[in-house]
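The values are calculated or read from the model by the stated rules, or taken from the named source; none is laboratory data. Nothing here was measured: the structure is a model prediction, and the numbers come from that model. All Cβ positions, even for glycine, are placed from backbone atoms using ideal geometry, and neighbour counts span all protein chains on display. Remember, those area values only see protein heavy atoms, side chains included, never the ligands or the DNA or RNA. Shrake-Rupley method; radii C 1.70, N 1.55, O 1.52, S 1.80 Å.
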Amino acid sequence: MRHLPKVLIFMLIFPLLSGCWDRREIEDRSFVSAIAIDSAEEEGQAEISVQIPIPNKVTGGGSGGGGGDSADGKGPSGPFELLSGVGKTYTEAMHQIISSANDPLFFGNMQVIMISEEQAKKGIEPFMDALKRTSEVRRQLYPVVVKGKAKEALNIKVPSEEIPTNYIRGMLRSGTKNGIFTDVTFGQLLIDMEIPNCQFPVMNYLEPIEGGYKWDGVAVFNRDKMVGMIHGREDIAGVLQVRTNQRGHVVIAPRSDGAIAFHPYRSGRKIKVKPDGSIEIHIEVTGFIQEKTSKDDLSKVEVIQDVSNQVATIYQDRMKRLITRSQKELQADVLNLGKYVRAYQPKFYNSINWQEEYPNIRITTKYHVTIHRYGISSD
Amino acid sequence: MTPNNSSQPSQSASSKKVDHRGSLSSYQIYVLVVLSIIGAPLLNFPRFVATEAGADGVWLSVISGLLVTGFVFMVSKLCQRFTGQTFVQFIPEIFETKRMKWFGKGIASLIIIGFALYWMNQISFQVRLFSEATNTTLLPKTPIEVTIITLLLASTLASYSRPAVIGMLNELLFPIILIPFALQLYVVFKKGDWVHIFPLFQSDWKGLCKGILSNGLGFSGFEVLFLIMGYSQKVDHSSKVNTRAMLTAAILLSSTVIAQYFVFGVNALSKNLWSALDFYKEVRPELLVIERIEAFVLGIWVVIAFIAITNLQFVLVRTICEAFHVKEEQTKYVAWSLFPFFYGGAMVSENISDFFAKFQEHSYVGFIFSIVIPILLFLLAIIRRKRSSPKKKDQKGGENHHATST
């Protein structure tokens, strides 16, 4: 009897500890692997689609599953479900999806947010707001802009993966890890969208192709609207090296009797901002020679130096082209330099509207390229 | 590390008052102070600093930490003057005169009631804050009442333990709570950007004062010293121990603020309600077994919130018991009778905006009270040359080992 109060307290605590209100068996959840945002036919409305893998149809490499569910091309092309809803807001569209799903949706495993180019040009802010309020959503997932309809991009049949999202995730993860795709996650996107008067987020741009996807550069935004693109591997180097501090793609230096392929493996930048707002960017790129089709003798120091200078000039030209395009055509600070101006010259930054003044800012760049080694061949 | 003599009653305690002097070792005092400061508010504290202090919050957090450390040194010196006494016992001595002993008791009562109300507020707010965080991020369908009651049941159950038990509990949990702070370094290394903490020195004098004060709120909880110093084994070293504890808390708190500035920048941080959890969401650990470290961190945060609330409840219960000379075996009734007040205080706000507004308002008032009163007490103690009488001190000793039944 002496311990009765303690026993009663423990009995009271135990039912509360189970957290039974939020208990949900794993098989009673619909795991969303990707979400697609498209603009709907009706003005001011958007179509949201979610991809939900069907676990008992995923075979893990064997035959019998993995796609081919629809011979007419209308249904899902793999062991997943695609549910869509249309609405003026994300929540309205999602409500339609929820009411047609058999289990509650779980967004904790979502890997990719795909936004159609058309919708990206109209604006992404309302969708980002809804997503950032959902605690399940990871900040590490990848937001991407896709050519054409995002919903259709989720329905591509990829030979190497049963769920297309896994392919996209793997592609983006290895691309960003190798420093050749911009490392922009959902969390980074939210941070980029919060810098006052300097909201120029970027996202990777994918094009769905037969049997997969093609990375095609980055989509550039002014505030929440896509204003253009930086295409391909060549022009993107500056964005990678300055904005996200990544190394960038291989550079082919043409020689008199062939070419030399320079593979960067490290890149670093120093950004100086002067009181008048002009910016100097010093970029150091270190790499090795991956391929040589010319007769250059790389064992000679002067040849290595010559190739280094040539690669630096190529980078320099590309960067110049990129800056000119960003200032004249896109009028968007793709390198996110406003962040540095705000940090180092706050007086100047506060005296102007960076979002508008960016095209008039003087930007100079200087590259220094170091070739560390040239593979296991001695010349 | 553990006390060499816990306060065990030598005989049946049914009608004896147990003396807890000498119950807590220096290390236990150290961890108790640190864990009372690092509580649930840290889940939201960096966002609060970013909102209140702007870009300068990043260095003002360090300044505030140093100022509060200096202040705690002063509090320790004050407590050292009254070896083996808690603030309930020594405040009347500071104010009383030979003719008007009632005056000292009257003023002391007001001060003790002030501290008690402040701690009650802190407990209610911490419980609500932690419950809001878990319900928003982890248990959206669980009624908040359930989270609050569960946490309060657990902390109340622990709060009426003897000081030695509370000391050992803190000692046990201290290494665990350091894990999130160690993981912070990993997140900053992976996602931090130096440029996010600039531009510095943009605030005017008013802004700086506001920034220091708002950062200072993070150190609420150091007031537990007023009571636990009376249970200390080695009073002679207490100022050193307490200063070290404050420096540790300052390092942990400031590093959290700075780390989140590094990763989010002031603007994104000020818009992130539970920034401490989103902070860990920024990385995908490659070497760790756990895929989502924010869930792991939230698990540890349950421990942090529990121990901070328990410590505050413990101090409040002991204060009331000492003030009203409650017997040891009746301590639990005091603890349980306070339960409805904590619950009511936690549920008083209808929505989260109202909660934060009230939390902020009450915390400022309480913090200023807990700064001004000790300064006043310290000055009066010096001016009036008040300290434990040598006879008393001899009895209690520099090394306060007399934890026996009296």
Original post:
Hey, what's the per residue convex hull volume over the C-alpha atoms of chain A, in cubic angstrom?
Top reply: 242
Original post:
Can you list the trypsin sites (Lys or Arg not before Pro) in segment A:130-168 that are in a DSSP coil and have 13 or fewer other beta carbons within 10 angstrom?
Top reply: A:133
**OP:** Set the Förster distance to 60 Å, then compute FRET efficiency between residue A:136 and residue B:380 from the Cβ-Cβ distance, nearest 0.05.
**Re:** 0.60
Original post:
With the other protein chains left in place, how much accessible area per residue, in square angstrom, belongs to chain A at a 1.4 angstrom probe?
Top reply: 47
Original post:
Which residues of segment B:124-145 show a drop of at least 30 Å² in accessible area when all protein chains are present, compared with their chain alone (probe radius 1.4 Å, heavy atoms only, ligands and nucleic acids excluded)?
Top reply: B:141, B:142
Original post:
Once every DSSP H run of n ≥ 4 in chain B is given -39500 (n - 2.57) and the sum is divided by its residues, what mean residue ellipticity at 222 nm do you get, rounded to the nearest 500 deg cm²/dmol?
Top reply: -23500 deg cm²/dmol
**OP:** Give the span of segment A:76-177's Cα atoms along each principal axis, as three whole-Å numbers ordered largest to smallest.
**Re:** 35, 30, 27
**OP:** Kindly list the residues of segment A:24-53 that lie in the label zone of residue A:84, defined by a backbone N under 15 Å from the point 7 Å along the Cα-to-C-beta vector.
**Re:** A:35-43, A:45-52
Original post:
Which percent of Cα-Cα pairs in segment A:28-219 sits in each 10 Å bin, short to long?
Top reply: 9, 38, 38, 13, 1, 0
**OP:** Just the number, please: percent antiparallel of the DSSP beta bridges in segment A:250-373, rounded to the nearest 5.
**Re:** 65
Original post:
Which residues, if any, in segment A:122-169 have at least 20 Å² less accessible area in the whole protein complex than in the isolated chain, probe 1.4 Å?
Top reply: A:135, A:138, A:139, A:140
**OP:** Can you pull the one-decimal nm distance between simple spin-label points at residue A:282 and residue A:231, each 7 Å off the Cα toward Cβ?
**Re:** 3.6
Subject >> Förster-model FRET efficiency, 45 Å R0, residue B:145 and residue A:305, C-beta, rounded to 0.05 >> reply: 0.05
Original post:
Compactness ratio of chain B: Cα Rg over 2.2 N^0.38 Å, N = residue count?
Top reply: 0.99
**OP:** Considering the convex hull of the alpha carbon atoms of segment A:250-373, report its projected area averaged over all viewing directions, in nm², one decimal.
**Re:** 8.3
Original post:
Restricting attention to segment A:149-240, which GluC sites (Glu not before Pro) occupy a DSSP loop and are surrounded by at most 13 other Cβ atoms within 10 Å?
Top reply: A:210
Subject >> Bridge type composition, chain A - antiparallel percent by DSSP, nearest 5 >> reply: 65
Original post:
How crowded by other chains is B:189-196, given as the mean number of beta carbons from other chains within 10 Å of each beta carbon?
Top reply: 3
**OP:** Report the longest stretch of chain B that contains none of the chymotrypsin sites (Phe, Trp or Tyr not before Pro) sitting in a DSSP loop with at most 16 other Cβ atoms within 10 Å.
**Re:** B:1-200
Subject >> DSSP beta bridges in the protein assembly as shown [antiparallel fraction, %, rounded to 5] >> reply: 65
**OP:** Jot down the radius of gyration and Dmax of segment A:131-233, Cα atoms only, both in angstrom.
**Re:** 13.9, 44
**OP:** Order the following by accessible area, largest value first: A:203, B:347. Probe radius 1.4 Å; ligands, DNA and RNA are ignored.
**Re:** B:347, A:203
Original post:
Given 0.36 nm per residue, what is the gain on full extension from residue B:102 to residue B:74 after removing their alpha carbon distance, in nm?
Top reply: 7.4 nm
Original post:
Counting only protein heavy atoms and using a 1.4 Å probe, what share of the accessible area of the protein assembly as shown belongs to carbon plus sulfur, as a whole percent?
Top reply: 58
**OP:** State whether segment A:207-264 is rounded, prolate or oblate according to the following rule on the C-alpha gyration tensor (a ≥ b ≥ c being the square roots of its eigenvalues): a/c under 1.5 gives rounded; otherwise a/b larger than b/c gives prolate, and the remaining case gives oblate.
**Re:** oblate
Original post:
Just in segment B:326-363: which GluC sites (Glu not before Pro) are loop by DSSP and have at most 13 other Cβ atoms within 10 Å?
Top reply: B:350
Original post:
What is the spin-label model distance, in nm, from residue B:302 to residue A:317 if the labels are put 7 Å beyond Cα along the C-beta direction?
Top reply: 6.2
Original post:
Out of residues 5 or more away from residue B:96 or on other chains, whose amide H comes under 5 Å of its own, with H placed 1.01 Å from N in the peptide plane?
Top reply: B:104
Subject >> Total accessible surface hidden between B and A, rounded to 100 Å², 1.4 Å probe >> reply: 3100
**OP:** Could you give the size of the charge dipole of chain A about its Cα centre, using +1 on the Cβ of each K and R and -1 on the Cβ of each D and E, expressed in debye and rounded to the nearest 20?
**Re:** 1460
Original post:
If you take the square roots of the eigenvalues of the alpha-carbon gyration tensor of segment B:219-322 and sort them as a ≥ b ≥ c, do you get rounded (a/c under 1.5), prolate (a/b over b/c) or oblate?
Top reply: prolate
Original post:
How large is the accessible surface per residue of segment B:117-171, computed with a 1.4 Å probe and reported in Å² as a whole number?
Top reply: 28
Original post:
Under the definition of partner shielding as Cβ atoms of other protein chains within 10 Å of a residue Cβ, what is the mean value for peptide A:184-197?
Top reply: 4
Subject >> residue A:11 - accessible surface, heavy atoms, 1.4 Å probe, Å² rounded to 10 >> reply: 120
Original post:
For the protein assembly as shown, what size does the Cα cloud have along each of its three principal axes, sorted from largest down, in whole Å?
Top reply: 104, 61, 53
Original post:
What's the FRET efficiency of residue B:350 with residue A:245 using the Cβ-Cβ distance as r and R₀ = 41 Å, to the nearest 0.05?
Top reply: 0.35
Subject >> Helix-only [θ]222 nm of chain A, DSSP H runs n ≥ 4, -39500 (n - 2.57) each, per residue, nearest 500 >> reply: -8500 deg cm²/dmol
Subject >> Gain upon complete extension [residue A:351, residue A:257; 0.36 nm per residue less C-alpha separation] >> reply: 28.5 nm
Original post:
Averaged over all directions, how much area does the convex hull of the C-alpha atoms of segment A:258-323 cover when projected, in nm²?
Top reply: 5.5
